[in-house]
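Structure first, commentary second.
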Amino acid sequence: SLEGKVSLVTGSTSGIGLGIARSLAAAGSAIVLNGFGKPEDIAEVQARTIAEFGVEVRYSPADLSKAAAAADLIAMTLDTFGRLDILVNNAGIQYVAPLEVFPADKWDMILAINLSSAFHTTRAALPSMRRYNFGRIINIASAHGLVASPFKSAYVAAKHGIVGLTKVTALETAESNITCNAICPGYVYTPLVEAQIEGQAKAHNIPREQVIRDVLLAQQPSKRFASVEELGALSVFLASDAASSITGVALPVDGGWTAH
Ligand code: NAD
């Protein structure tokens, strides 16, 4: 059980981050949500999480493309709860274009949100984790943290980078009761992916089953999406005492993609 623990999940107003936040809440942890969205939708998620799991839930709209906002998000968590036990660096964006025409501002933005924000939150969170001699840092990388695809230069670079940051964080905390690991999902079923399935099916006039198999999951041997619940369950395990000796790893949850 994670009762008495405090978790911050960045980018948790939708998709994987929300799924992980819900799993951590179900295990008893207080939660700080973060990310963008309509205020009424976020208020609804917050109220539902409190009602379902009976844990304290706070929300911050911190924009993690900004270093100061990332540090402030940790400060707000510590001000509110006095501690931060589980930090999940999940916020991320994607942009797809060939290198020659990849916009430089998109490169900077992806590196800032997908990589640098985890540096800023981690360094701000470590002093409190060291004080309580407990910490779990979970970085949501990607199969693209381990292998590449064309047209995703910034994303692949940032995700490889966060796997490197994970290893350094693990080494610097190895003698304390703090671990740092990366989860490397393949394609995960989220509302975003559902929209892509529908879009591609319409655009190419092919059935959605074929879009899933031949377009989206072309690289994923299982031909099945991972679910946000699977990633939530893995996060709860990595946060548990049973996972104390697991640190510095990049764990694929990709239906065999990176086994190719
Ligand atoms: P999503 O778009 O559903 O969610 C992204 C979250 O990040 C949202 O809550 C959004 O508001 C937030 N966010 C975006 N920019 C932000 C900013 N500047 N500051 C703070 N929050 C911000 O995406 P998702 O599919 O749930 O992806 C979550 C993470 O998982 C990302 O790091 C992504 O790279 C990674 N990932 C996703 C997949 C997949 O198939 N969906 C696969 C591998 C890795």
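The values are calculated or read from the model by the stated rules, or taken from the named source; none is laboratory data. Predicted model only: the values in this text are computed from it and were never measured. Neighbour counts run over all protein chains shown; Cβ positions are idealised from the backbone, glycine included.
Pairs please, first residue from segment 1-20 and of a type in the set (Asp, Glu), second anywhere and more than 8 Å from the ligand (Cβ to nearest atom), Cβ atoms under 7 Å, 6+ apart in sequence or on different chains.
What qualifies is 3/28.
Which of the residues belonging to segment 226-255 are in a loop (DSSP other than H, G, I, E, B) and touching a Gly at 6+ places or on another chain (Cβ under 8 Å)?
254, 255
One line per residue, one yes/no per condition, for (1) farther than 17 Å from residue 234 by Cβ; (2) among the acidic types (Asp, Glu); (3) within 12 Å of the ligand (Cβ to nearest atom):
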residue	(1), (2), (3)
160	yes, no, no
164	yes, no, no
169	yes, no, no
180	no, no, no
184	no, no, yes
187	no, no, yes
194	yes, yes, yes
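Among the residues of segment 39-57, is there at least one that is among the aliphatic types (A, V, I, L, M), part of a strand (DSSP E or B) and more than 15 Å from the ligand (Cβ to nearest atom)?
Within segment 39-57 (the criterion being among the aliphatic types (A, V, I, L, M), part of a strand (DSSP E or B) and more than 15 Å from the ligand (Cβ to nearest atom)), the answer is no, since none of the residues qualifies.
Go through segment 173-226 and give me each residue that's in contact (Cβ under 8 Å) with a residue 12 or more places away in the chain and out of contact with any helix residue (DSSP H, G or I) (no Cβ under 8 Å at 6 or more places or on another chain).
Those that are in contact (Cβ under 8 Å) with a residue 12 or more places away in the chain and out of contact with any helix residue (DSSP H, G or I) (no Cβ under 8 Å at 6 or more places or on another chain): 174, 177, 217, 222, 224, 226.
Conditions first: (1) part of a helix (DSSP H, G or I); (2) away from the ligand (no atom under 16 Å from the Cβ). Residue 84 passes all but one, so which condition is the exception?
It fails just one condition, (1).
For residues that are more than 25 Å from residue 178 (Cα to Cα) and either touching a Phe, Trp or Tyr at 6+ places or on another chain (Cβ under 7 Å) or touching a residue at least 40 places away in the same chain (Cβ under 8 Å) (or both), scanning just segment 103-122, find the one that is farthest from the ligand (Cβ to nearest atom).
107
Residues checked against (1) within 25 Å of the chain's Cα centre (by Cα); (2) more than 13 Å from the ligand (Cβ to nearest atom); (3) within 18 Å of residue 251 (Cβ to Cβ); (4) of a type in the set (D, E, K, R):
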site	(1), (2), (3), (4)
197	yes, no, no, no
202	no, yes, no, yes
208	no, yes, no, yes
211	no, yes, no, no
215	yes, yes, no, no
218	yes, yes, no, no
228	yes, no, yes, no
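Among the residues in segment 88-102, are any within 15 Å of the ligand (Cβ to nearest atom), under 17 Å from the mean Cα position of the chain (by Cα) and assigned to a helix (DSSP H, G or I)?
No, segment 88-102 contains no residue that is within 15 Å of the ligand (Cβ to nearest atom), under 17 Å from the mean Cα position of the chain (by Cα) and assigned to a helix (DSSP H, G or I).
May I ask you to list the residues in segment 198-245 that are within 18 Å of residue 182 (Cβ to Cβ), exposed (fewer than 15 other Cβ atoms within 10 Å of the Cβ) and either at pLDDT below 95 or of a type outside the set (Gly, Ala, Ser) (or both)?
Residue satisfying the conditions is 237 alone.
If the Cβ limit is 8 Å and pairs must be 6+ apart or interchain, which residue in segment 67-81 that is more than 11 Å from residue 124 (Cα to Cα) pairs with which residue that is within 12 Å of the ligand (Cβ to nearest atom) and of a type in the set (Asp, Glu)?
If the second residue must be within 12 Å of the ligand (Cβ to nearest atom) and of a type in the set (Asp, Glu), the pairs left are 69/63.
Would it be correct to say that residue 135 is in contact (Cβ under 8 Å) with a residue 24 or more places away in the chain and closer than 23 Å to residue 70 by Cβ?
For residue 135, the condition - in contact (Cβ under 8 Å) with a residue 24 or more places away in the chain and closer than 23 Å to residue 70 by Cβ - is met.
Kindly provide the set of residues from segment 82-105 that are under 25 Å from residue 241 (Cβ atoms) and surrounded by 19 or more Cβ atoms within 10 Å (Cβ to Cβ), ordered by number.
84, 85, 86, 87, 88, 89, 90
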